[in-house]
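Participant: Pasting in a structure now, in structure tokens, and then I'll have a few things to ask.
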Amino acid sequence: MSTKYPAEANQESAQPFIPPSGSADERISRVENGLVVISADWQPQWGTISTLAERITYYHVPGVSIAVIDDNKISFTRGYGERIAANNEPVTTQTLFHAGSVAKSLSAAATLTLVEQGLLNLDDDVNNHLTSWQVPENENTSAEKVTLRRLLSHSAGLKDGLTDRSPDDPMPVYITYGDDVPQVTLQQLLEGMPEDDIEPTRVVTVPGTSYRYTNADYAILELLVEDQINQPFDEFMQAVVLDRLGMAFSSYRQPLPQALRAISASEHTLDGKPVEGGRANFPFHAAGGLWTTPSDLAVFMIDLMQAYQGETGHILSPQMAQQMLSLQIRIPDSPISDAFGLGVHLQRTSQGPKVCHPGGTWGSCSLIWFYPQIGKGAAVMINSTCGSLLLYEILLGIASAYGWPMD
């Protein structure tokens, strides 16, 4: 799905943030009562402050969950609202939400472990290692090849039939609901399904020359990993990231395991109705199959930040973490970043890089945002596609309370 984002917070109209101070409870109160309203055209209305409760009501969002990181530690986690609209069952810190494309950041980190083991190479032609499907060759691939680095950084030059859809569009036919297992394969999606208006994936620009966001990048990555290690991608993610970090309320399985389904939030579409069966299931895992909590996402971000800061014993070595969070391709005219790394958006600030990734489905939206050099960040998840603006209103409230760099 395509998503719009608010303008950067360092516009001339921006108001200075109050330096962070006070107890943890005071900061939580400042977040809950200090949201900066964002207009319908995605402009922050500096000086127009609202409460989280008011904005949840305004956007008709059933539930919200937040985790905030300060000094490489989880500072607070809290759930708000309802797991399912109008059922009076509260969101807790253990309520799972659909992460959408936030999954790509975790998928990227896990795949880089295979690079560190010598099982994959960032700069090899992926067709030399793919056995279950091949990237179609043309004049663009004659000039440059599709590589793992380019898949991870959305610079492979791909165009697909999976990405350019909005919440107003009907859910694709390849999605199943509730407990139904998706039947369409990644290979079918990449080859195209003309009867369902899904065009085939192809290389439309010379790989490595420009940024072009597509879900096909991570669908191909998923096949590459599975072909290399002969293991389903969801099991790979469970072993390499989720189990290793103790992310007990997270899974890439589609549908979710029964124990996690019982505590997951229902997704909600633009009309406010719960998604059929409570959740949509996608045939791709790496690009958007993760269900998780902000608390679990915070654990992942802390592990990555500590590796970036030079600590050993994390999922990635310090050298690989620094490469993941370094510029791979520039992004023109983006309001949230000026470059893409390996699985993450990047932007320079006075206190090191800002790293983020949004996620959106037809029934959920989410966001991770962190500053690896100073150990600050947050994850916000909402069980409605109506909450995209609210994600960033909450983010601005957290930035004010916790003294994030806003340049």
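Participant: Residue under question is I66, and the condition is that it be in a strand (DSSP E or B) and open to solvent by less than 10 Å² (accessible area, probe 1.4 Å); does it hold?
Facilitator: Details: in a strand (DSSP E or B): yes; open to solvent by less than 10 Å² (accessible area, probe 1.4 Å): yes.
So I66 passes the test.
Participant: Looking at L270, L223, L260, L290, can you tell me which residue is at pLDDT below 95 and in contact with a Ser or Thr (Cβ under 8 Å, 6 or more places away or on another chain)? Show your work before the answer.
Facilitator: Details: L223 fails: at pLDDT below 95; L260 fails: at pLDDT below 95; L290 fails: at pLDDT below 95.
Step by step, each of L270, L223, L260, L290 is checked, and only L270 is at pLDDT below 95 and in contact with a Ser or Thr (Cβ under 8 Å, 6 or more places away or on another chain).
Participant: If the requirement is being touching a strand residue (DSSP E or B) at 6+ places or on another chain (Cβ under 7 Å) and within 26 Å of Q231 (Cβ to Cβ), which of these qualifies: S337, S251? Walk me through how you get there before you give the answer.
Facilitator: Working: S337 fails: within 26 Å of Q231 (Cβ to Cβ).
Just one listed residue meets the conditions, S251.
Participant: Please specify each residue of segment 340-351 satisfying the condition of being touching a strand residue (DSSP E or B) at 6+ places or on another chain (Cβ under 9 Å) and open to solvent by 20 Å² or more (accessible area, probe 1.4 Å).
Facilitator: Q347, R348, T349, Q351
Participant: Hey, another quick one. Among the residues of segment 112-135, is there at least one that is touching a helix residue (DSSP H, G or I) at 6+ places or on another chain (Cβ under 8 Å), assigned to a helix (DSSP H, G or I) and hydroxyl-bearing (S, T, Y)? Working first, answer last.
Facilitator: Looking only at segment 112-135, we keep the residues that are touching a helix residue (DSSP H, G or I) at 6+ places or on another chain (Cβ under 8 Å), and these are 112-116, 119-124, 126, 129-135.
When the remaining residues are screened for being assigned to a helix (DSSP H, G or I), the result is 112-116, 126.
If we keep only those that are hydroxyl-bearing (S, T, Y) too, we end up with 113.
Yes: segment 112-135 contains one or more residues that are touching a helix residue (DSSP H, G or I) at 6+ places or on another chain (Cβ under 8 Å), assigned to a helix (DSSP H, G or I) and hydroxyl-bearing (S, T, Y).
Participant: Any chance segment 38-46 includes a residue that's closer than 17 Å to L367 by Cβ, outside any helix (DSSP H, G or I) and hydroxyl-bearing (S, T, Y)? If you could, list the steps in order and put the result at the bottom.
Facilitator: Applying the first criterion (closer than 17 Å to L367 by Cβ) to segment 38-46 yields 38, 42, 44.
With outside any helix (DSSP H, G or I) added as a condition, the list becomes 38, 42, 44.
Filter once more, so that each one left must be hydroxyl-bearing (S, T, Y): none.
No.
Participant: Considering only residues of segment 374-395 that are open to solvent by less than 20 Å² (accessible area, probe 1.4 Å) and in a helix (DSSP H, G or I), which is nearest to I302 (Cα to Cα)?
Facilitator: L395
Participant: Considering only segment 331-344, how many residues are of a type in the set (G, A, S), free of Cβ contacts under 8 Å to residues at least 24 places away in the same chain and part of a loop (DSSP other than H, G, I, E, B)? Working first, answer last.
Facilitator: Filtering segment 331-344 down to residues of a type in the set (G, A, S) leaves 334, 337, 339, 341, 343.
Filter once more, keeping what is free of Cβ contacts under 8 Å to residues at least 24 places away in the same chain: 337, 339.
In the following step, the residues that additionally are part of a loop (DSSP other than H, G, I, E, B) were identified as 337.
Count: 1.
Participant: Scan segment 285-330 for residues that are closer than 22 Å to Q231 by Cβ, open to solvent by less than 10 Å² (accessible area, probe 1.4 Å) and in a loop (DSSP other than H, G, I, E, B) and jot them down.
Facilitator: Correct list: A286, A287, G288, G289, L290, L316.
Participant: Do we have any residue at all in segment 133-152 that's within 19 Å of the chain's Cα centre (by Cα), in contact (Cβ under 8 Å) with a residue 24 or more places away in the chain and closer than 30 Å to L52 by Cα?
Facilitator: No; the residues of segment 133-152 include none that is within 19 Å of the chain's Cα centre (by Cα), in contact (Cβ under 8 Å) with a residue 24 or more places away in the chain and closer than 30 Å to L52 by Cα.
Participant: When you go through (1) open to solvent by 10 Å² or more (accessible area, probe 1.4 Å); (2) within 23 Å of the chain's Cα centre (by Cα) one by one for L114, which number turns out not to apply?
Facilitator: (1)
Participant: For segment 80-97, name all the residues that are in contact with a Gly (Cβ under 7 Å, 6 or more places away or on another chain) and either assigned to a strand (DSSP E or B) or over 11 Å from T293 (Cα atoms) (or both). Spell out the reasoning first.
Facilitator: The first filter runs over segment 80-97 and keeps only residues in contact with a Gly (Cβ under 7 Å, 6 or more places away or on another chain), leaving 80-83, 85, 90-93, 95.
Within segment 80-97, Y80, G81, E82, R83, A85, P90 qualify.
Participant: If I filter segment 358-373 for residues that are more than 30 Å from A85 (Cα to Cα) and assigned to a loop (DSSP other than H, G, I, E, B), do I get at least one hit?
Facilitator: Taking every residue of segment 358-373 in turn, at least one turns out to be more than 30 Å from A85 (Cα to Cα) and assigned to a loop (DSSP other than H, G, I, E, B).
Participant: Exactly one of these conditions fails for A86: (1) aliphatic (A, V, I, L, M); (2) modelled with pLDDT of 95 or more; (3) out of contact with any strand residue (DSSP E or B) (no Cβ under 6 Å at 6 or more places or on another chain). Give me its number.
Facilitator: For A86, the failing item is (2).
Participant: Name every residue in segment 136-150 that is assigned to a loop (DSSP other than H, G, I, E, B) and open to solvent by less than 70 Å² (accessible area, probe 1.4 Å), in order of residue number. Walk me through it before giving the result.
Facilitator: Just the residues of segment 136-150 that are assigned to a loop (DSSP other than H, G, I, E, B), to begin with: 136-138, 144-146.
Hits for segment 136-150 are P136, N138, V146.
The values are calculated or read from the model by the stated rules, or taken from the named source; none is laboratory data. A quick note: this is a predicted structure, and the numbers were derived from the prediction, not measured. All Cβ positions, even for glycine, are placed from backbone atoms using ideal geometry, and neighbour counts span all protein chains on display. Note: accessible area is taken over every heavy atom of the protein model, side chains too, but ligands, DNA and RNA are not part of it. Shrake-Rupley method; radii C 1.70, N 1.55, O 1.52, S 1.80 Å.
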